[in-house]
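Here is the structure we will look at, set down as structure tokens.
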Number of protein chains: 2
Amino acid sequence: MGKVTCDIGISVDGFVAGPNQRREEPLGDGGERLHRWMFEQPEANAAAIEKITSAGAFIMGRNMFASGRGDWDPDWTGWWGEEPPYHAPVFVLTHYEREPVPMKGGTTFSFVTDGAESALARARRAAGEADVAIAGGAQTVNQYLAAGVIDELRLHVAPIVLGAGERLFEDVGDLALEPVEVSHTDLVTHVTYRIGR
Amino acid sequence: MGKVTCDIGISVDGFVAGPNQRREEPLGDGGERLHRWMFEQPEANAAAIEKITSAGAFIMGRNMFASGRGDWDPDWTGWWGEEPPYHAPVFVLTHYEREPVPMKGGTTFSFVTDGAESALARARRAAGEADVAIAGGAQTVNQYLAAGVIDELRLHVAPIVLGAGERLFEDVGDLALEPVEVSHTDLVTHVTYRIGR
């Protein structure tokens, strides 16, 4: 069985999305600045980027899948175009039953209506020996952190102050974190934490 | 003229002190865990520790100087014993006039009642060519961050979740931060940010 991992972009003041998330700004005001390092420095950050999509299955919240769109929209297939970067099964936490949506390149969005634990069990089966990645957003990551099932948390800290938005680490209780790897460019600091049980 | 620097310990969820700061727990509930790396791994973190007290003058808020004690207490000379680790002039922001208090080893506490800008001017004069360090606590650091006068912010991120307490980066506005150095042990991640004007 692989690890459960989580990669998430965060501001120095602890926000993983800015305020006022909506259709035109799914990451909220200023939130797209969290990910400048990915788009402007893909080579310098190649190792970190490669890890983000290396898992054998992914779990994401309905807010990440359909922020500002509504996850009830039967035509909505996410923000990532025809060929999403996951290339693996993606389990979307939602309240709406829906048939799986296969995309180009091996990504299939499956919709899980019976909760986070069930989604993790399905993702583990789909991943086999590979890792399961909790892809976001904040509420979903916090839920799995609070449940104590994430083994490795990889924070990508953008050197920006968002001032408001959605916070990581809210209501997660105490965590036995240990920093095991750090690196940086001028647009990001990567910090990998191992989480004990 | 030297730089204005700031070293501060912070939890992964952004708190520089826990809740319920009081005489017996000046850093609040759980707050002493922010500094385990200093006391348990002084050798492994020697470079970071040396920098913290290398400035030519220091500024601290009344809360750091006298949290839970009251900065009006004429007998109170801080938390650091007879020979504080500063070995330099320390300017304490307060509302109470008081004569300077010379301590062993070169530390002198001077009390500044006319505001943060005046304290910085006095500290710069005292430091000469050396750096001025903003020593804390959160409100004082946030005040100088908001004023745009800190050149180098050195965060010492403890791998703990405090859940509540005093936050860094509150009401500081946007900052032009650039990570320039990172390192870690299992008890801390050191991240140095340069701050543009």
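Where a number appears in this text, it was derived from the coordinates with a stated rule and is not lab data. These figures come from a predicted structure and were not determined experimentally. Glycine gets a Cβ as well: all are built from the backbone with ideal geometry, and neighbour counts include every protein chain shown.
Compactness of segment A:13-118 is given as radius of gyration and Dmax, 14.5, 41 Å, from Cα positions.
Hull volume per residue, based on the alpha-carbon atoms of the protein assembly as shown and their convex hull, is 143 Å³. In the protein assembly as shown, helical runs assigned H by DSSP with n ≥ 4 each contribute -39500 (n - 2.57); averaged across all residues and rounded to the nearest 500, the mean residue ellipticity at 222 nm is -5000 deg cm²/dmol.
Sorted from nearest, the other copies put their B:Ser118 label points 6.6 nm away, the label point being 7 Å from Cα in the direction of Cβ. Less than 5 angstrom separates the built amide H of B:Phe15 from those of B:Leu162, all sequence-distant by 5 or more or on a different chain.
Out of all DSSP beta bridges in the protein assembly as shown, what portion is antiparallel? Express it as a percent rounded to 5. Looking only at bridges with both residues in the protein assembly as shown, the antiparallel portion is about 45 percent.
In debye, nearest 20, what is the charge dipole magnitude of chain A about its Cα centre with +1 on Lys and Arg Cβ and -1 on Asp and Glu Cβ, if you could check?
Values: 17 positive and 29 negative charges, 57 e Å.
So the dipole magnitude of chain A works out to roughly 280 debye.
Between segment B:1-44 and segment A:73-125, the alpha-carbon centres lie 42 Å apart. Ranked from shortest, the separations from the 7 Å Cα-to-Cβ label point of A:Lys3 to its equivalents in the other copies are 3.2 nm. Taking the inverse of the mean 1/r over every pair of distinct Cα atoms in segment B:4-195 gives a Kirkwood hydrodynamic radius of 16.8 Å. Coupling constants for segment A:47-64 follow from the phi torsions by the Karplus curve (6.51 cos²θ - 1.76 cosθ + 1.60, θ = phi - 60°), and in residue order they are 5, 5, 5, 4, 5, 4, 10, 8, 5, x, 7, 10, 10, 9, x, 5, 5, 6 Hz; glycine and proline get x. For the pair B:Asp186 and B:Ala146 in one chain, pulling the backbone fully straight at 0.36 nm per residue adds 11.2 nm over the alpha carbon distance. With both residues required to sit in chain A, DSSP beta bridges show an antiparallel share near 45%. Once every Cα of segment B:83-195 carries one equal point scatterer and solvent is ignored, give the base-10 log of I(q)/I(0) from the Debye formula at q = 0.14, 0.15 Å⁻¹, two decimals. Log10 of I(q)/I(0), two decimals: -0.71, -0.81.
Each Lys and Arg adds +1 at its Cβ and each Asp and Glu adds -1 at its Cβ; summed about the Cα centre, segment B:23-93 shows a dipole of about 260 debye.
Think of each Lys and Arg Cβ as +1 and each Asp and Glu Cβ as -1; about the Cα centre, that makes the dipole of segment B:8-55 roughly 120 debye. Here's the picture: charge each Lys and Arg Cβ at +1 and each Asp and Glu Cβ at -1 in segment B:4-195, and of B:Leu168, B:Ala44, B:Ser118 the one pushed furthest to the positive end of that dipole is B:Ser118.
Each other copy holds its own label point for B:Gln41; taking that point as 7 Å from Cα along Cα to Cβ, the gaps run 2.4 nm, nearest first. Only Cα pairs under 8 Å and 6+ residues apart enter the sum, and on that basis the relative contact order of segment B:84-188 stands at 19 percent. Relative contact order of chain B: 31 percent, from C-alpha pairs under 8 Å at least 6 residues apart in sequence. Within the listed set B:Arg33, B:Arg23, B:Arg124, the Gaussian network model of chain B (springs between alpha-carbon atoms below 10 Å) gives the highest mean-square fluctuation for B:Arg23.
Computed from the Cβ-Cβ distance with R0 of 35 Å, the FRET efficiency linking A:Glu99 to A:Ala44 stands at 0.30.
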